[in-house]
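The values are calculated or read from the model by the stated rules, or taken from the named source; none is laboratory data. Computed from a prediction, not measured in an experiment: that's the story for all the values here. Quick reminder, even Gly has a Cβ in these numbers, built from the backbone with ideal geometry, and neighbours come from all protein chains shown. Remember, those area values only see protein heavy atoms, side chains included, never the ligands or the DNA or RNA. Shrake-Rupley method; radii C 1.70, N 1.55, O 1.52, S 1.80 Å.
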2 protein chains.
Amino acid sequence: MRNKRGTLLILSGPSGAGKSTVIQAVMQRRENIYFSISCTTREPRPGEQHGVNYYYISNREFEQMIQEDAFLEYAGYVDHYYGTPRKAIEEHLSAGWDVILDIEVQGADIVRSKVPEAVSCFLIPPSFQELERRLHGRESESEEVIRGRLARAKEEYRQIPEYDYLVINDVAEQAAEEICAILQAAACRVSQRQEYIEGAI
Amino acid sequence: MRNKRGTLLILSGPSGAGKSTVIQAVMQRRENIYFSISCTTREPRPGEQHGVNYYYISNREFEQMIQEDAFLEYAGYVDHYYGTPRKAIEEHLSAGWDVILDIEVQGADIVRSKVPEAVSCFLIPPSFQELERRLHGRESESEEVIRGRLARAKEEYRQIPEYDYLVINDVAEQAAEEICAILQAAACRVSQRQEYIEGAI
């Protein structure tokens, strides 16, 4: 394998875009791909597992990691911290694996500035009406929560021009196929294949 | 189909890289893809066909087309003109077709400056030694011609950093698959999907 370093793929999208389903489909289609698991200080929700959905750590552990510069980016929301641990990402990229980072728009901005060769992709449903429909379909959430998510989604859509790619999640398998193509193309960038040029000229 | 405009793919590479074989394989894999046929004033070589390899036209016709700004780019080599006719490319792109342009490095430079959203791709064999081997394998060519081609290839390799992508033609089908991924990714660029954003915000 001559691509020494994998691609860091930043994936953002509003709540209701179907990121988890699409990411799972991408992971099944491609080999040597790692999904970055974030750290949080909030409690696991029912069904969530440590090391699968998040690493659930204490405030003290989180602040210790901040001190050690162990996060690629982190932020505090309401009462809790959320952060992207740097080490596992770096290890996988160095080993030639691609890494997917599911991250909101502000975090994406920070990662882009720290890792300029990262590729960024925004995932949305086929229309904003469809996003509304999907959010209303989640019966567990109140109308107020849904309105909040839609307002936030509108804010997030304004950041789409900062991204390289826009993938439409109508059918999850097709969206996954496009993301796989984006990863395959990213590995073909001239910047990733310098050794072929240096040897020749 | 919501991608209104196709992608213009600039494909360059030294003589011996295997461009024709790879292009054929790409055309077989993808639908709605058009290979741009150039105009030339040189005579057809044995086996070449008008409208397949080139459009063989007279000096007078060529100069008339220059007057009419009918070329996206053109150049004179030795005694003959070579040019890329603009109209068929524009028609196919407008209809949402991707267009492949097989063009050398100077022409690529001109097309890039005129069509900034074009995607450019350089095709090479796995090593320069392999390029030498392939060129020597063409028994019809003299040692002098081969030396000329290799010297020219070295010049062309220096232009690779101007390209977006570098595709290695070890196995033609794999190279074609990478080019298909590059085209699929290009269609996902945010700039190609503005209508999804404008509707929402």
A:Arg29 vs. criteria loosely packed, with under 11 Cβ neighbours inside 10 Å and basic (Lys, Arg): no
Restricting attention to segment A:63-88, and to residues there that are within 18 Å of A:Gln106 (Cβ to Cβ) and part of a helix (DSSP H, G or I), which single residue is least open to solvent (accessible area, probe 1.4 Å)? A:Ile66
Would you call A:Ser127 within 30 Å of B:Glu177 (Cα to Cα), at the interface with chain B (Cβ under 10 Å from one of its Cβ atoms) and among the small types (Gly, Ala, Ser)? no
Does at least one position in segment B:132-142 carry a residue that is among the small types (Gly, Ala, Ser), modelled with pLDDT of 90 or more and more than 13 Å from the chain's Cα centre (by Cα)? no
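Looking only at segment A:138-149, decide whether some residue is within 9 Å of chain B (Cβ to nearest Cβ), out of contact with any strand residue (DSSP E or B) (no Cβ under 7 Å at 6 or more places or on another chain) and basic (Lys, Arg).
No; the residues of segment A:138-149 include none that is within 9 Å of chain B (Cβ to nearest Cβ), out of contact with any strand residue (DSSP E or B) (no Cβ under 7 Å at 6 or more places or on another chain) and basic (Lys, Arg).
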Go through segment A:142-195 and count every residue that is in contact with a Ser or Thr (Cβ under 8 Å, 6 or more places away or on another chain) and among the hydroxyl-bearing types (Ser, Thr, Tyr). 2
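Here are B:Gly76, B:Gly96: which of them is over 15 Å from the mean Cα position of the chain (by Cα) and at positive phi?
B:Gly96
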List every residue pair whose Cβ atoms lie under 9 Å apart, where the two residues are 6 or more positions apart in sequence or sit on different chains, the first residue falls within segment B:64-88 and is over 27 Å from B:Arg5 (Cβ atoms), and the second residue, located anywhere, is assigned to a strand (DSSP E or B) and open to solvent by 90 Å² or more (accessible area, probe 1.4 Å). B:Tyr81/B:Tyr74
